[in-house]
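I have placed the structure first, in the form of structure tokens, so that the comments after it can refer back to it.
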Amino acid sequence: MASEVNGVDLRVSIGSLKLKNPVMTASGTFGYAREFEPYVNLHRLGAVVVKGISLEPRFGNPPPRIVETSCGMLNAIGLENVGVERFISEKMETLRQVNVPVFVNILGDTLDEYREIASRLAGVEGIAGIEVNISCPNVKKGGVAFGTDPEMAAVVTKAVKENSTVPIMVKLSPNVTDITVIARAVEDAGADAVSLINTLIGLAIDHRSRKPALANVIGGLSGPAIKPVALRMVYQVAQAVSLPVIGVGGIETTEDVLEFMLAGATAVQIGTANFVNPRASEEAVEGLAHYVATERLGSIREMIGGLVLP
Ligand SMILES: Cc1cc2nc3c(=O)[nH]c(=O)nc-3n(C[C@H](O)[C@H](O)[C@H](O)COP(=O)(O)O)c2cc1C
């Protein structure tokens, strides 16, 4: 693993996992990663997180399932994916050829499904970690209850942890009253890290047709519109747990990454920005290296939790 970009130390640790820099891609916004090879040197990223994988393939929701809103995007993809078996035989096969840590985002409608997916992924070569999606607002069964109930969040975390051979990162939902309660519950249940936030539940309406803009009616809001909410939650969770916190939500630029790190994030994920600028993740790595060099920091790790309070 290259440890430095132009002689600059950008390394961070997520539990036992060492990343060469803190820039990851967010699940569902970067396909299975290799789709981005024409634009991004994947090898330069800290890690990639692939699209959420379920036990069986899913076709997702009917269209329209993405709509642009002011400063953001509303989606109700419905977790379309190839299912765990095809993921292992087809997608991991090609992902192994890229020298970048791969996190597999997983989801289930039942506890057994989470357990089963985790055990099928256990020992598969090339998987650096698992991200457990307990927070997707689009699926009618499972998702919402797991991510909003501390006891269920803990049970899922424990089940995945017991059946995994790699570090697990639990992805938290912002659609709760107090996110720190869920964060503490998954920490106690054995999570190695938490990532936050998933999308905020929203609604877009076309006043001309008088219909919802999405066929699913409601969807998940992402992009710059949610950045202040994500920053606030990262800040609160970083105070509440001693796990590494991975910040997600509206990150587009190097400055955004620095803000999340100051709020307490050890690493970040870039999501919706990939649709606007497919090179956003690699540009953030370059920007961080430039920042560390010009500010003469010993390493990027000096930024983590460095917020100066009034
Ligand atoms: C089109 C789309 C698909 C997504 N699919 C997933 C998914 O499969 N699993 C998941 O945990 N999060 C999924 N997300 C949520 C993102 O990973 C991320 O948490 C969220 O969009 C906030 O970050 P952003 O504002 O940088 O996009 C998806 C988001 C979008 C926009």
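Which residues, counting only those in region 39-67, are in contact (Cβ under 8 Å) with a residue 40 or more places away in the chain, over 19 Å from the mean Cα position of the chain (by Cα) and outside any strand (DSSP E or B)?
TYR39, ASN41, LEU55, ASN61, PRO62, PRO63, PRO64, ARG65 - these are the residues of region 39-67 that are in contact (Cβ under 8 Å) with a residue 40 or more places away in the chain, over 19 Å from the mean Cα position of the chain (by Cα) and outside any strand (DSSP E or B).
Go through region 229-266 and report how many residues are closer than 11 Å to ALA284 by Cβ, within 14 Å of the ligand (Cβ to nearest atom) and either of a type in the set (A, V, I, L, M) or at pLDDT below 95 (or both).
2
Could we say that ILE246 is in a loop (DSSP other than H, G, I, E, B) and under 14 Å from VAL23 (Cα atoms) here? Explain how you work it out, then say what you get.
Values: in a loop (DSSP other than H, G, I, E, B): no; under 14 Å from VAL23 (Cα atoms): yes.
Here the answer is no, as ILE246 does not meet what is asked.
Yes or no: THR253 in contact with a Gly (Cβ under 6 Å, 6 or more places away or on another chain) and among the polar types (S, T, N, Q)?
Spelling it out, it is not the case that THR253 is in contact with a Gly (Cβ under 6 Å, 6 or more places away or on another chain) and among the polar types (S, T, N, Q).
Taking region 252-277 on its own, how many of its residues are out of contact with any helix residue (DSSP H, G or I) (no Cβ under 6 Å at 6 or more places or on another chain) and assigned to a loop (DSSP other than H, G, I, E, B)?
Number of matching residues: 5.
Scanning region 209-224 for residues that are among the small types (Gly, Ala, Ser) and either out of contact with any Ser or Thr (no Cβ under 7 Å at 6 or more places or on another chain) or free of Cβ contacts under 8 Å to residues at least 40 places away in the same chain (or both), which turns out surrounded by the most Cβ atoms within 10 Å (Cβ to Cβ)?
So the residue we want is GLY219.
Which pairs have Cβ atoms under 9 Å, sit 6 or more apart or on different chains, and link a residue in region 182-208 that is closer than 16 Å to GLY271 by Cα to one that is part of a strand (DSSP E or B) and among the basic types (Lys, Arg)?
What qualifies is SER195/LYS171; LEU196/LYS171; ILE197/LYS171; ASN198/LYS171.
Per-residue answers, yes or no, for (1) of a type in the set (Lys, Arg); (2) assigned to a loop (DSSP other than H, G, I, E, B); (3) closer than 25 Å to ASN277 by Cβ:
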site: LYS161; (1), (2), (3): yes, no, no
site: GLU187; (1), (2), (3): no, no, no
site: LYS227; (1), (2), (3): yes, no, yes
site: VAL234; (1), (2), (3): no, no, yes
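Considering only region 192-208, I want to know if a residue exists there that is among the hydroxyl-bearing types (Ser, Thr, Tyr) and out of contact with any Leu (no Cβ under 8 Å at 6 or more places or on another chain). Write out each step before concluding.
At the first step, the residues of region 192-208 found to be among the hydroxyl-bearing types (Ser, Thr, Tyr) are 195, 199.
If we keep only those that are out of contact with any Leu (no Cβ under 8 Å at 6 or more places or on another chain) too, we end up with none.
No: region 192-208 contains no residue that is among the hydroxyl-bearing types (Ser, Thr, Tyr) and out of contact with any Leu (no Cβ under 8 Å at 6 or more places or on another chain).
The values are calculated or read from the model by the stated rules, or taken from the named source; none is laboratory data. Only a predicted model underlies this, so the values are computations on that prediction, with no experimental measurement involved. Glycine gets a Cβ as well: all are built from the backbone with ideal geometry, and neighbour counts include every protein chain shown.
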